[in-house]
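Only one structure is covered here, and it is reproduced in the block below.
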Amino acid sequence: MKTFKILGLLLTYPTQELQDNMKILISSLSDESLLPRKLEKAVIIFMGDLAARNLLEAQEDYVSLFDRGRGHSLYLFEHIHGESRDRGQAMVDLIDHYKEKGLNLTAQELPDYLPLFLEFLSICPVAEAQENLGDVVHIVAAIAAKLKKKGSGYHVIFAALAKLTDVRIDQEFVRNALIEDDARDDSLEALDKEWEETPAFDGIGDTTACATCPSAGSYNFGSADVQSKQAD
């Protein structure tokens, strides 16, 4: 399902390549018609706006939203486990889930990175993809609510994802996330202090690369971040 991968691409660091190929992505999204019509229209408007934006400004806004602080983190388990050891085990379990499908990660990225997870879902059967997305839909919905409150156009991408599963959203989780976000200090000083703290686990994936830097991901059009492994 291309829709999952397209939405994932829209959540990666903006590049000239992404802007140049936006018309193709819009056409693919419309052809698949997985989203409700009103929401699909909102996503397409966002895509057109992103394609037309000054690239440096788009990149600066992206970093400000997704790299500074944890409120809008694209690492799913961070919203549940933070930097606890439970997050490490959850990532190991997710890697095992990928392997059960005969997939090996080829990107230097943690498995709970949302665009990577969405690319995985894009090659799953529809029902299975919707079920797996349902496991994290409350996180997706919480980020959508926080971004909408801040007036960010990115909120429509998360709102679209929340509509791709029939799993009921945990509204209490969303409300609590909004309350925590209001109290969160995302200043550069607070962020520096967070980075000074020692991680609770190590050895899970490659955390040395910036996930949003152009050279860190492999989200090039026509190439996948997961690679099929032939059965022995």
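The values are calculated or read from the model by the stated rules, or taken from the named source; none is laboratory data. Values in this document were obtained by computation on a predicted structure and should not be read as measured data. Heads up, the Cβs are rebuilt from the backbone with ideal geometry, glycines too, and the neighbour counts pull from every protein chain shown. Each accessible area value is taken on the protein alone, full model and side chains, heavy atoms only, with ligands, DNA and RNA left out. Shrake-Rupley method; radii C 1.70, N 1.55, O 1.52, S 1.80 Å.
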From the option list ALA145, ALA51, single residue qualifying as under 18 Å from THR12 (Cα atoms), in a helix (DSSP H, G or I) and not charged (D, E, K, R) is ALA51
Picking from VAL137, VAL126, the residue that is under 13 Å from THR165 (Cβ atoms) and open to solvent by less than 20 Å² (accessible area, probe 1.4 Å) would be VAL137
Within the range 148-164, the residues that are open to solvent by 10 Å² or more (accessible area, probe 1.4 Å) and in a helix (DSSP H, G or I) are LYS148, LYS149, HIS155, VAL156, ALA159, ALA162
Filtering the range 33-48 down to residues that are touching a residue at least 12 places away in the same chain (Cβ under 8 Å) and either outside any helix (DSSP H, G or I) or surrounded by 14 or more Cβ atoms within 10 Å (Cβ to Cβ) (or both) yields LEU34, LEU35, PRO36, LEU39, GLU40, ALA42, VAL43, ILE44, PHE46, MET47
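I'm trying to understand the selection: among the residues of the range 6-27, which are open to solvent by 30 Å² or more (accessible area, probe 1.4 Å), part of a helix (DSSP H, G or I) and not aliphatic (A, V, I, L, M)?
GLN16, GLU17, ASP20, LYS23, SER27
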